[in-house]
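These notes concern the structure reproduced below.
Every number here is computed from the coordinates shown, using simple stated rules; none is lab data. Since this is a predicted model, take the numbers as computed values, not measurements. Backbone-built Cβ (ideal geometry, glycine too); neighbour counts: all protein chains shown.
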Amino acid sequence: MASIWRYILAGLGLAALLAGIVAAVYLTLPQSASGPDISRSKKTANGLFVASFEPEHGVVRQGELQSWLLTLKTAAGAPVEGAAITVSGGMPQHDHGLPTSPQATDYLGDGRYRIDGIKFTMSGWWQLRFAISAAAGSDSVVFNVVL
Amino acid sequence: MKRLISVVSLFALAVLALLGGCGEPRFSDAEKKAIASLALNTLPSLKPDTTNQYADVPAAAALGSTLFFDAGMSRDGTVSCSTCHKIDRQFQDDLPQAVGVGRTNRRTMPLAGVARNPWFFWDGRRDSLWAQALTPLENPLEQAGNRAAFAHYIKKRFGERYERIFGPLPDLSTVPANASPLDSDAERAAWNAMPAGQQDDVNRVYANIGKAIAAFERSIEPAQTRFDRFAIDLATGAKPEEDAAFSPEEILGLKLFIGKANCVSCHNGPRFTDNSFHNNGVPPVDGLPLDRGRVDAVAQVEADPFNCLGKFRDGDEGACRELRFMVKDGPQIMRAYKTPSLRGAADRPPYMHAGQFATLDEVVAHYSKAPLAVEGVSEVHPLDLSERERAALVAFLKTLSE
């Protein structure tokens, strides 16, 4: 009889130890190891341009109207001038669009365009899609921003 | 052997207990970050309003305070701003729809932190606090006055105070007693008969009335609550004492708020609002006029002569980016209404833009069920919260009022 209890106790103990180890591993693992591609520089969908997208003043602040810079280069590295740019986007996981209508407001030279009126009103995964028309043709690019 | 097994078992149980969160409330790092972002101590200091050069002029705030409480600022001398924005009731009136000279179709909004809003009214049909303050003054259901009458009234009652702040009043001797581009046919005709320069003069006085009232309203700010004391203790690692300690139900409610129930998606930041507009499927009220929310407000704010791009703005146009970059069309603005702050909400039923829900229980039940919108598409998805979870959310919301 005593030996049965001993095995039950041992079993319980080992089960608890195992559960503890699993929990410890689970809790210390980095969350959401995979997610959307958040690179700030990439080729446009058809490879016409290389686009980079950065906040103009370095930091992204939730809930504030901010300006970003979209820099457009050709595959050969030459700045793309005179591009017509439209901006759209939203939150794919919430099925809603952007809370503002950002626009390309200024050309700053060297392929750099100011995209003003960007506001991220909540944390999570945002997408900004740029439709670009220039002498070389039309192309588009999507940037993911995760707050 | 038996002793070894016992020791191992006890150790394992202790580890499990620690990880399982017995005893002290446990929050993940992400939860702690979310809670800290809601605390009032993260509220930045109020930014200057460059569109209103009198925004931080004490004499303007003092005059604005007088005007705010003055029932003389209405057609029949019975309604002031404070009729609906009651000072002892969080500057709201506890009614499903505000009642001025007549009954309106919208719930009075409280004013704590109002100067921090980019948009005003439930639908954002005004883009500055001073432009907002002018709107009820001429609304036939609210103060029901007209701008010519207000200009005369200011000159008669507060002329000296006005001139000390804003400079000389214009010559109003030939301005009709009642005239406005908005009101009755007679008043519109009187307005249209005025020379453009005289219209400008009256509009200038009228804009200054709004700027004085806005200067006063900038002083109305949210106060610290039990939640804020809890959040500060959590952030600093101090053990919450007395009323800063949350009950298990309040902790569950907080975890749901920032987690499974997704409330924090829109009710974020220290004011619990994203300052944006959403269709959340709240049904219209029978008997009220058609109300499509933001979709109609866009045209109204663009047409408002007192908007940021108009000539009564002080400072430069750089302050007008909210108006410049606003969303003007698309399905998302149909029946979209502003996310209200939740601070103090538990003490001010009823809820929603036309007082549709009498209690917080009804509000939470609505989000849990997430009915389809009557028009447009609701952004809310069913949460299927249990009764215990719904009660916990309400318990947490009450900590924002204590």
TODO: Output the number of residues of segment A:93-115 satisfying the condition of being assigned to a strand (DSSP E or B), out of contact with any helix residue (DSSP H, G or I) (no Cβ under 7 Å at 6 or more places or on another chain) and of a type outside the set (Val, Ile, Thr).
DONE: 9
TODO: Name every residue in segment A:79-114 that is within 29 Å of B:Ser276 (Cα to Cα), surrounded by fewer than 16 Cβ atoms within 10 Å (Cβ to Cβ) and of a type in the set (Gly, Ala, Ser), in order of residue number.
DONE: A:Ala84
- [ ] Return the only residue of B:Val364, B:Val377 being over 28 Å from B:Gly102 (Cβ atoms), of a type in the set (Val, Ile, Thr) and surrounded by fewer than 19 Cβ atoms within 10 Å (Cβ to Cβ).
- [x] B:Val377
Open item on the list: Condition (residue is within 14 Å of another protein chain (Cβ to nearest Cβ), touching a helix residue (DSSP H, G or I) at 6+ places or on another chain (Cβ under 6 Å) and surrounded by fewer than 20 Cβ atoms within 10 Å (Cβ to Cβ)) applied to segment B:333-356: is it met by at least one residue?
Closed with: yes
Task: Of residues in segment B:133-149 being touching a residue at least 24 places away in the same chain (Cβ under 8 Å) and surrounded by fewer than 24 Cβ atoms within 10 Å (Cβ to Cβ), the one nearest to B:Thr51 (Cα to Cα) - done: B:Glu138
Task: Subset tally (residues that are assigned to a helix (DSSP H, G or I) and at the interface with chain A (Cβ under 10 Å from one of its Cβ atoms)) for segment B:269-306 - done: 0
- [ ] Residue by residue through segment B:211-237, note down the ones that are among the small types (Gly, Ala, Ser), surrounded by 20 or more Cβ atoms within 10 Å (Cβ to Cβ) and over 12 Å from B:Ile154 (Cβ atoms).
- [x] B:Ala214, B:Ala215, B:Ala231
Task: Listing of strands (runs of 3 or more DSSP E) fully contained in segment A:35-83 that carry 1 or more residues being within 14 Å of chain B (Cβ to nearest Cβ) and in contact with a strand residue (DSSP E or B) (Cβ under 6 Å, 6 or more places away or on another chain) - done: A:66-74
- [ ] Evaluate segment A:127-145: report whether one residue or more is within 12 Å of chain B (Cβ to nearest Cβ) and in a loop (DSSP other than H, G, I, E, B).
- [x] no
- [ ] Please work out which one of (1) over 14 Å from the mean Cα position of the chain (by Cα); (2) within 14 Å of another protein chain (Cβ to nearest Cβ) is the condition A:Met91 fails and give its number.
- [x] (1)
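This table checks each residue for (1) among the aliphatic types (A, V, I, L, M); (2) crowded, with 17+ Cβ neighbours inside 10 Å.
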| residue | (1), (2) |
| --- | --- |
| B:Pro248 | no, no |
| B:Ile251 | yes, yes |
| B:Thr273 | no, yes |
| B:Ala303 | yes, no |
Open item on the list: Can you say whether A:Gly90 is assigned to a strand (DSSP E or B), within 19 Å of B:Thr339 (Cα to Cα) and touching a strand residue (DSSP E or B) at 6+ places or on another chain (Cβ under 7 Å), as far as the supplied structure shows?
Closed with: yes
Open item on the list: Can you say whether B:Val380 is among the aliphatic types (A, V, I, L, M) and either more than 14 Å from chain A (Cβ to nearest Cβ) or touching a strand residue (DSSP E or B) at 6+ places or on another chain (Cβ under 6 Å) (or both), as far as the supplied structure shows?
Closed with: no
